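Contents: one structure, followed by commentary.
The values are calculated or read from the model by the stated rules, or taken from the named source; none is laboratory data. If you're wondering where the values come from, they're calculated on a predicted model, not measured in any experiment. All Cβ positions, glycine included, derive from the backbone under ideal geometry; neighbour counts span all protein chains shown.
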């Protein structure tokens, strides 16, 4: 999936993209920027934590329609903060939660979907 910067997405289009990404990817990270060029420190930390254990995961850049992405993600997680990580359709958390899971030795298992 590729979302072009500067695209003029409606709230409904973003909601559909969020729903599809969560449903059809083992791991999906909604972040500012992309895996190769994170645009905030929290997004970079989330990519680093996931990348320690998983080579393949989807990233979605929320910047082209940030307010719509915040609203759509809040519908799924109850949180409007970015980044957000989902594994097998379930909300895991942001970079702080990923860090906490990693410190407890639970992140690899969480990302595996166990």
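Structure summary
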{"read-out": "Residues of region 57-93 classified as within 20 Å of residue 111 (Cβ to Cβ), free of Cβ contacts under 8 Å to residues at least 12 places away in the same chain and outside any strand (DSSP E or B), total", "value": "0"}
{"read-out": "Sole exception among (1) surrounded by fewer than 18 Cβ atoms within 10 Å (Cβ to Cβ); (2) touching a strand residue (DSSP E or B) at 6+ places or on another chain (Cβ under 6 Å); (3) modelled with pLDDT of 95 or more for residue 35, by number", "value": "(3)"}
{"read-out": "Count of region 51-78 residues which are closer than 14 Å to residue 95 by Cα and either surrounded by 17 or more Cβ atoms within 10 Å (Cβ to Cβ) or touching a helix residue (DSSP H, G or I) at 6+ places or on another chain (Cβ under 6 Å) (or both)", "value": "1"}
{"read-out": "Residues of region 33-50 that turn out to be in contact (Cβ under 8 Å) with a residue 12 or more places away in the chain and closer than 22 Å to residue 90 by Cβ, as a count", "value": "8"}
{"read-out": "Any hit, region 24-31, residues being surrounded by fewer than 19 Cβ atoms within 10 Å (Cβ to Cβ), within 17 Å of residue 101 (Cβ to Cβ), free of Cβ contacts under 8 Å to residues at least 40 places away in the same chain and more than 9 Å from the chain's Cα centre (by Cα)", "value": "no"}
{"read-out": "Tally, over region 94-112, of residues that are in a helix (DSSP H, G or I) and buried (at least 20 other Cβ atoms within 10 Å of the Cβ)", "value": "5"}
